[in-house]
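To keep things clear, I will list the structure first and then write my remarks on it.
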Amino acid sequence: MADLVKELISGVVDSVLKEILKKTTGRVTTKRRRRKTRPATTTKDTRKATSAKPKPARKQVSKRRTAAGRSRQRRS
């Protein structure tokens with residue numbers, strides 16, 4: 001009788017351990033994911049042929065510091 005109970009318990013423990021240690025595939029736990037590679041149709045060469053010439057760069061505008069920003073700079 002004791003052998004039967006022991007065998008039953010060891011079987012249950014084995015199956016639970018297998019379930020816990022089983023590799024989970026397809027799940028990504030972290031936020032970082034691999035960058036998706038672009039399909040060959042949208043490469044740089046094909047974009048040059050289809051699109052118009054690129055727009056010129058925007059002129060940079062100097063950003064005026066606010067009073068709060070100036071006092072914050074003085075404190076540090």
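For this structure, a couple of remarks:
- Residue check, K18 at pLDDT below 70 and of a type outside the set (A, V, I, L, M): no
- Candidates A40, A57, A67, A49, filtered to the one that is modelled with pLDDT of 65 or more, surrounded by fewer than 10 Cβ atoms within 10 Å (Cβ to Cβ) and over 31 Å from the mean Cα position of the chain (by Cα): A67
The values are calculated or read from the model by the stated rules, or taken from the named source; none is laboratory data. Being a predicted model, the structure only gives us computed values, none of them experimental. Cβ: placed from backbone, ideal geometry, glycine included. Neighbour counts: every protein chain shown.
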